[in-house]
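Single-structure report; data block below.
The values are calculated or read from the model by the stated rules, or taken from the named source; none is laboratory data. In this text the structure is predicted, and so the values were computed from the model without any measurement. FYI the Cβ positions are ideal-geometry reconstructions off the backbone, even for glycines, and counts take in every protein chain you see. What goes into the accessible areas is simple: the full protein's heavy atoms, side chains included, and nothing from ligands, DNA or RNA. Shrake-Rupley method; radii C 1.70, N 1.55, O 1.52, S 1.80 Å.
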Amino acid sequence: MPSKPAPIKKSPAKKAADKAPEPAPEPAPAPPVEAPPAEAAPVEAPPAEAAPAAPAEDTAAAGPVPTSAPLDITVEDVNDTSLTIEWKMPETIGDCGLDGYAIEYRKDGTTDWVAAQEQLTPGNRCCIKNLTTGDLLHVRVVAVNAGGRSEPCTLAQPVKIREVGDRPRIRLPRALRSRYVKQVGEQVNVVIPFLGKPKPEVSWLKDGQPLDTKRVNIRNSDKDSILFIRTAEREDSGVYEMTVKVDSFEDKANITLQIVERPGCPTSVKLVDTWGFNAALEWTPPKDNGNTEITGYTIQKADKKTGVWFSVLEHYHRLTATVTDLIMGNSYSFRVFAENKVGISEKAAVTKGVAHIQKTGIVYKPPEYPEHNFSEAPRFTTPLSDRAATVGYTTKLLCSVRGSPKPKIEWLKNQMIIGDDPKFRQISNQGICSLEIRKPCSFDGGVYTCRAKNAQGEAAVSCKLEVKQIVIPESGKGK
């Protein structure tokens with residue numbers, strides 16, 4: 001490989017020697033120039049620029065032109081046996097395109113460049129494998145096309161072949177960032193992922209002390225650590241600290257584990273007072289809250305006759321309560337349960353004393369209501385209607401009236417009181433007033449009036465009655 005770049009870089013020098021044969025003997029006694037081909041290229045470059053006599057002829061004679069150098073070579077990854085690099089394409093490629101890239105490396109302190117691969121690399125990334133751990137390597141990339149090799153793009157600093165350690169970092173799940181609560185008897189299985197290279201060392205502490213391996217199992221992998229408790233107990237509660245360490249770097253995370261259960265019963269409950277249909281109670285919180293806060297109390301009562309318990313208050317937050325609506329003549333006992341987020345206590349605190357609801361004489365006094373004045377002046381709700389009657393056929397006039405007290409009804413014919421004339425029959429029943437005219441004749445027609453009177457006033461309605469005579473046709477008379 002060292003001989004390949006030398007002929008490409010000497011081609012412009014040979015052309016200059018043909019045009020100027022006199023300076024040719026001068027470089028002959030200087031063989032060290034040909035030994036390092038990488039350094040010879042910049043030394044021989046000026047003669048090419050010094051002969052611009054016929055640019056058109058030189059371009060035609062040169063043929064395809066190499067590309068410009070690749071850009072921005074960087075290290076993507078490195079471990080103890082391989083090195084991965086990547087770079088960007090050259091700015092100038094030319095008409096003949098790009099065949100690929102040649103990747104070369106050399107150890108620090110040497111001058112021999114070694115090809116990383118036998119064939120050209122088509123992409124912009126290459127992994128150099130089978131390297132020796134601890135070597136310090138210089139790496140360069142050369143673009144190759146039909147015009148030859150481009151100028152190399154070399155890493156700015158040599159790379160040491162070794163496993164690069166990433167700083168450890170714990171990725172604590174969101175659910176574990178706050179208090180992690182489980183009930184007594186449940187299984188605890190906490191998975192915590194982490195990062196780090198090489199594999200970090202993982203250690204655990206509980207409340208600053210080593211874990212009890214009889215109760216807590218720890219399983220570690222390359223990417224996570226699992227804290228496992230088969231059957232949780234109250235003593236498993238505490239702050240668990242996880243530490244991951246790589247060399248001198250470490251990261252820590254804390255998990256607060258809270259194992260809870262139902263609380264104990266209140267310490268005591270006392271019947272403070274009894275009056276009327278009420279009883280006042282007072283109690284003290286339980287000594288054992290179940291490892292979590294008390295959320296309320298449940299108060300129950302039982303009649304001594306039946307002994308059956310009934311809940312009167314639930315989810316009650318105070319330490320005193322008044323039980324109401326007790327039955328007169330009965331005796332009651334009371335008990336109180338404590339509650340937390342798991343449930344209510346298995347046992348309850350029961351009052352020693354009994355609340356006796358005494359019978360007392362009660363005199364019922366009906367309420368007094370003011371009398372309502374229902375007095376109302378007469379008012380006709382249904383007036384009389386004009387009628388037409390036939391001679392000899394009984395007819396009836398109807399209307400309705402209301403008033404309080406009950407009004408007195410009078411009928412008039414042509415403004416004259418009818419009175420007790422047997423031809424007329426007057427009826428008044430529950431506000432319905434009627435006047436029956438028996439077998440009227442033509443003289444019974446006229447204006448009839450119904451008048452109602454009481455202490456509040458009077459009212460009247462009128463109608464016109466027409467009595468018609470039956471007309472017999474003349475043709476009927478002859479027959």
message: Residues to consider are VAL447, VAL461; find the one that is under 30 Å from ASN373 (Cβ atoms) and of a type outside the set (D, E, K, R).
response: VAL461
- prompt: How many residues are over 22 Å from GLU261 (Cβ atoms), assigned to a loop (DSSP other than H, G, I, E, B) and of a type in the set (Val, Ile, Thr) when one looks only at the stretch 286-328?
  reply: 4
query: Checking ARG106 against (1) in a loop (DSSP other than H, G, I, E, B); (2) open to solvent by 40 Å² or more (accessible area, probe 1.4 Å); (3) under 22 Å from ILE73 (Cα atoms); (4) in contact (Cβ under 8 Å) with a residue 24 or more places away in the chain, which test does it fail?
result: (1)
- line: Conditions (1) modelled with pLDDT of 90 or more; (2) open to solvent by 90 Å² or more (accessible area, probe 1.4 Å) -> ASP420 fails only (1)
- line: All conditions in (1) of a type in the set (Val, Ile, Thr); (2) out of contact with any Gly (no Cβ under 7 Å at 6 or more places or on another chain); (3) surrounded by 11 or more Cβ atoms within 10 Å (Cβ to Cβ) are true of THR324 except (3)
task: Give the residues of the stretch 132-178 that are closer than 20 Å to GLU104 by Cβ, among the aliphatic types (A, V, I, L, M), at pLDDT 90 or above and crowded, with 19+ Cβ neighbours inside 10 Å, sorted by residue number.
output: LEU137, VAL139, VAL141, VAL142, ALA143
task: Could you grab the pairs with beta carbons closer than 9 Å, sequence gap of 6+ or different chains, first residue in the stretch 174-187 and farther than 14 Å from PHE228 by Cα and touching a residue at least 60 places away in the same chain (Cβ under 8 Å), second one of a type in the set (D, E, K, R) and open to solvent by less than 70 Å² (accessible area, probe 1.4 Å)?
output: GLN183/GLU261; VAL184/GLU233; VAL184/GLU261
- request: Out of SER345, SER268, SER331, SER311, report the one residue that is among the small types (Gly, Ala, Ser) and either touching a His at 6+ places or on another chain (Cβ under 8 Å) or open to solvent by 70 Å² or more (accessible area, probe 1.4 Å) (or both).
  value: SER331
